[in-house]
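Reviewing the structure listed below.
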Amino acid sequence: MSILGEATVGTETMDPAASTTPAVAAESRSRSLDQDSREWLRALRSGGTVYEDAVAGLHALLLRAARFEVARRRASMPHLRGNDLDDIALQAADDSLMSVLEHLDDFRGESRFTTWVYKFALYDAAVKLRRRAWQGREMPLEPESWDLFASAQLEPDGHAEQNELLARVQRAIEEDLSPHQRRVLVALALNEVPIDVLAERLSTTRGALYKTLHDARRKLRRRLESEEGT
């Protein structure tokens, strides 16, 4: 993530059925789904043992997905033991199960239902692993080293220009940004703190942090552009 680069937030296209009632929209989408996806939705919207069996099957699917993601990232977290990883996978499966059940009406059928729910578990597992990796670590409020942004492959003249730009960026960060903007920019763009970890530490949301980061970068660009124009 660069200092001045744009941050984007993934969004979904507005559902054409959004203006209708949820029940009508769900029924309209259901007619265009594959058989397996329709069966999943039917069972999860029913009651009794049919619903209970569907939830159990869904949890098993989500647990497999979470374990896959945990295993994929295991090499980067050697400090975590097997029991810790199993707990993370189980917690991710539990949380993603609740998310899926709460968002059933958001399923648009652009992929199979099982593919759609799989992503919930992958995301939850990745978030929990990142949070565990940062557990107990101090949140850096200053760049660990501005030298990280310097290129060693520049000619002497290029190094001079680069050092001048970095100095201008440092001044702009210190003088133009609010303390909160400075903290968010440094953590996300400079020290590469995962955004979900920062959101948890600051008791805020990913969306709010993206907005703060966007505003901070816009201030920096304006400052640099005004200096270049003088």
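Rule-based calculations on the coordinates, nothing more; no lab input. A quick note: this is a predicted structure, and the numbers were derived from the prediction, not measured. Neighbour counts are summed over all protein chains in view; Cβ atoms, including those assigned to glycine, are modelled from backbone coordinates with ideal geometry.
Of the GluC sites (Glu not before Pro) found in segment 56-121, those that fall in a DSSP loop while having at most 16 other beta-carbon atoms within 10 Å are E110.
Given a Förster radius of 22 Å and the C-beta distance between S46 and F68 as r, what FRET efficiency does 1/(1 + (r/R0)^6) yield to the nearest 0.05? Given R0 = 22 Å and the Cβ-Cβ separation, E is 0.15.
With a Förster radius of 30 Å applied to the beta-carbon distance between K119 and S32, the computed FRET efficiency rounds to 0.90. Extending 7 Å from Cα along the Cβ direction at L224 and again at A208 yields two label points whose distance is 2.8 nm.
The stretch between R108 and M77 holds 7.6 nm of extra length on full extension. This uses 0.36 nm per residue minus the Cα-Cα distance.
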